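Structure first, then comments.
We did not get these values from a lab; they are worked out from the coordinates using the rules stated. Treat the numbers as computed from the prediction; the structure is a model and nothing was measured. Don't worry about glycine lacking a Cβ; one is built from the backbone with ideal geometry, like all the others, and counts go over all protein chains shown.
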Amino acid sequence: MEMDPLLAGVIGMGALIVMVFLGVRVYIAATLVGMLGIVSIIGWDAGTGIVGTIPHSKSTLYSLSVLPMFILIGYLAFHAGITTAAFDAAKKWVGWVPGGLAVATVFSAAGFAAVSGASTATAAVFSRVAIPEMLNNGYDRRLAAGVVAAGGTLASLIPPSAILVIYAIIVEESVGALLLAGFIPGIVSALIYALIIMGRATVNPKLGPPVRGFTFNDRMKSLPGTFPIIAVIGIIFSAIYGGWATPTEAGALGAFVVLIFAFFHGMRTKELKDALFETAKLTVMIFSIIWGVLVFVRFLGFSGLPEAFAEWILGLPLPPTAIIILILCGYAILGMFMDAIGMLLLTLPVVFPAVIGLGFDPIWFGIIVVKMVEICLITPPIGLNCYVVNGVRPDIPLSDVFRGIGPFFIADVITVGLFIAFPWLITWLPQTLLN
Amino acid sequence: MTTNNLPQGSGSGSAFASFDRGFSKLEDFLNGISALAIFFVMILGVTQVLSRKLLNLPILGYIDFIEQSMVIFAFFGIAYCQRLGGHVRMDLFMAKFNDRPLYFFEALATLVGLIVITILIDTSWLHFLRAYQLGDSTIDIGMPIWPAKLIIPLAFGMLWIRFALQLIGFIRLIINPNAEIIAVPVIEDVTDIARHEIEDALGEEAAKQAKFDEMYNKKRKK
């Protein structure tokens, strides 16, 4: 029952969307559609034979072994006392600016992001560390809640970031380049958040008064606690740039350093066990969806659908920038309903070739897309980060958290606009360091 | 995202429920091995860097070891993750249903999983058999590849049993929607997901204390 490949591709894409909407797990839906699609084009025996090799061959790629390491760093980071130390240091160094404590929250969240890749978890931790101090200092409740929910989103861009590794694997780009590329955009996002806070606090000083009175000595003393952050950034950057270790080895070293700190900070064996179990669960989830989607990608390759889609996109009577903005809006909508990893894996096989066909840089697109899915974590209708803040601080109504997010949402739109206008903000660092 | 409702109280005395409990223990154990493998990869990575840089003695076959052990953390926890509803899906529409219609669609989605895994067990077994008969080995130190390939149909076998348990669990609920929920994950709303995130970051205590705006939630739930 061999079928026209392109037709099979279109039907397959449709079937996949229907199944995912009906609640079939993404790895199952992608495998089924991919398998039926390949079988419809090359027959049962050859088709299922190919599919049978994919779970093994695609999950034993050395480059993927970095994922559990990065995930482990993230889970261990909560036990290493990094958040309190980072917030304390940031407060002492930048607390004197208008809205100082909120600015300190942004920078310490960015620092914590360097050891944790999880946005929601970062928001949870800072709800406990930063919000009480802001409220005690008379900060506006909405500002305090908003900055924590938004600060959490910095985690996916600043390395180590698991989602950037997944993007790199699925579009076959360098993992190292993607990780380096996230750094400057993460900092730019943080700076724009900080500028917005300072601007608002200057106009209305009641929003967030500065905190002063720290001596240079106080400041220097606050630094040693942030050592795990510096160590993890240092290890990963120097390993990728200097080539003295693979990303997996750098991740292993980073995890080990954080583990030692966590033990010194009083982590118990049960907490280590929990962290490892959670890491294992998230790892198998990511690996399953990767091989499942790669079955589907193999089918797409046979069908020629990505090329046809790219041709259609290139034929549109619109400038590339307009098309990319439309695609990003599509991601913003999808991101409201779907988990970031599932969404990226399902859409990239078709969307990515078209974006590259339009002349955009693959690394640049990865960062932009990840930034978009992060924005979805703070916007209604779901806005998971906002719920997390509300859950930890029930005294702050959810409506206040969502209102507090407003200025940061605007900041994010400005940031994405900047990245579209000045793509070198993203591409410069990996190009300079890796060429 | 969904979570598991552990069988409790009446109904949990049935053979079905006790099989589910026993099987869950096996899943937990395998996920524990997966967790250990991750720890091992970390230790091996640290040892490799230190021994290569400081002693100029790289571990022989390091990449082969890692690649072969990846099968453990890529597959050992697969049924565990399925039980806890950890595999990515979109429950936007599912969350709108209740009782029978919900259990019907859940059963359908589970049946699809069962079929896919049945075929995968067969094809991945053949893939293992080829490697075994041909004596495939790794490039670096010539480790045999077949053990890693054997793990995959075995892990899929575990997953098959888990899917079968969930299918029975959902069919049971279609027949009697008021029955106690056994062996199936239930859909979580955004506050449950938020609670889990809080638990991961701040521990069980904080997750238990977490409260969410009820008013706003009621509005969301139409």
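The distance between label points at B:Asn98 and A:Ala46 comes to 5.3 nm (points 7 Å beyond Cα on the Cα→Cβ vector).
Tell me the mean residue ellipticity at 222 nm calculated for the protein assembly as shown from its helices only (DSSP H runs of n ≥ 4, each -39500 (n - 2.57), averaged over every residue, nearest 500). That comes out to -24500 deg cm²/dmol. 3J(HN,Hα) along region A:300-307: 4, x, 5, 7, x, 4, x, 5 Hz, from the Karplus curve 6.51 cos²θ - 1.76 cosθ + 1.60 with θ = phi - 60°, whole Hz, x for Gly and Pro.
Averaging the sequence gap over all C-alpha pairs within less than 8 Å and six or more residues apart, then dividing by the number of residues, gives region B:17-123 a relative contact order of 29 percent. Once both labels are positioned 7 Å from their Cα atoms along Cα-to-Cβ, the gap between B:Leu26 and A:Ala322 label points is 6.0 nm. Ordering A:Val284, A:Val413, A:Val355, A:Val297 by the number of other Cβ atoms within 10 Å of each residue's own Cβ, fewest first, gives A:Val413, A:Val297, A:Val355, A:Val284.
Given the protein assembly as shown, what whole percent of its Cα pairs are spread farther than 42 Å? Percentage above 42 Å: 23.
Ranking of B:Glu106, B:Glu180, A:Glu173 by neighbouring Cβ atoms within 10 Å, starting from the fewest: B:Glu180, A:Glu173, B:Glu106. Since only A:Leu345, A:Ala332, A:Trp364 are under comparison, the one whose Cα sits farthest along the positive direction of the charge dipole of region A:269-404, derived from C-beta charges on Lys, Arg, Asp and Glu, is A:Leu345. Computed about its Cα centre, the charge dipole of region A:77-188 is approximately 360 debye, with only Lys, Arg, Asp and Glu carrying charge at their Cβ. Using alpha-carbon positions, what is the distance between the centroids of region B:11-59 and region B:160-214, in Å? With region B:11-59 and region B:160-214 each reduced to a Cα centre, they are spaced 24 Å. Taking 7 Å steps out from each Cα toward its Cβ at A:Val203 and A:Thr347 produces label points 3.1 nm apart. The distance linking region A:205-263 with region A:97-140 is 16 Å (Cα centroid to Cα centroid, whole angstrom). Selection among B:Ala95, B:Ile152, B:Val116 by position relative to the dipole of region B:69-222 gives B:Ala95 as farthest towards the positive end (Cβ unit charges, Cα centre). Inter-chain neighbour count for B:108-118: the average number of beta-carbon atoms from partner chains within 10 Å of each residue's beta-carbon is 5. Per-residue 3J(HN,Hα) values for region A:153-167, derived from phi via the Karplus relation 6.51 cos²θ - 1.76 cosθ + 1.60 with θ = phi - 60°, read 5, 5, 4, 6, 8, 6, x, x, 10, 5, 5, 5, 5, 4, 4 Hz in sequence order (x marks Gly and Pro).
In plain terms, the chain from A:Trp244 to A:Lys270 could stretch by 6.0 nm, reckoned as 0.36 nm per residue minus the Cα-Cα distance. Of the chymotrypsin sites (Phe, Trp or Tyr not before Pro) found in region A:1-58, no site is in coil according to DSSP while having at most 15 other Cβ atoms within 10 Å of its Cβ. Cα-Cα over 27 Å: which of B:Lys53/B:Lys149; A:Lys281/A:Lys371; A:Lys221/B:Lys208; A:Lys281/B:Lys208? Checking Cα-Cα distances, B:Lys53/B:Lys149; A:Lys221/B:Lys208 exceed 27 Å. Placing unit charges on the Cβ atoms only, positive for Lys and Arg and negative for Asp and Glu, gives region A:272-357 a dipole magnitude near 120 debye about its Cα centre.
Listed by Cβ neighbour count within 10 Å, with the fewest neighbours leading, B:Cys81, A:Cys329 appear as A:Cys329, B:Cys81. For A:Asn136 and A:Ser63, a Förster radius of 45 Å and the Cβ-Cβ distance give a FRET efficiency of 0.45, rounded to the nearest 0.05. In percent, rounded to a whole number, the relative contact order of region A:293-368 is 50, using alpha-carbon pairs under 8 Å and six or more apart. Close amide-amide hydrogen proximity is noted between B:Ser137 and B:Ile145, each under 5 Å apart and 5 or more residues distant or on a separate chain (H modeled in the peptide plane; Pro and chain starts excluded). Structure remark: mean-square fluctuation, Gaussian network model of chain A, C-alpha springs under 10 Å; the largest value among A:Gly417, A:Gly186, A:Gly34 belongs to A:Gly417. With θ taken as phi - 60° and the Karplus curve 6.51 cos²θ - 1.76 cosθ + 1.60 applied, the whole-hertz 3J(HN,Hα) list for region B:108-122 is 4, 4, 5, 4, 4, x, 4, 5, 4, 5, 4, 5, 5, 4, 4 Hz, x standing for glycine and proline. Stretched out straight at 0.36 nm per residue, the stretch from B:Thr118 to B:Phe40 would grow longer than its current Cα-Cα span by 24.9 nm. Mean per-residue shielding of peptide A:142-153 is 0, counting Cβ atoms of other chains within 10 Å of each Cβ. Calculate the dipole size of chain B relative to its Cα centre from +1 charges on Lys and Arg beta carbons and -1 charges on Asp and Glu beta carbons; express the result in debye to the nearest 20. Dipole of chain B, to the nearest 20 debye: 380 debye.
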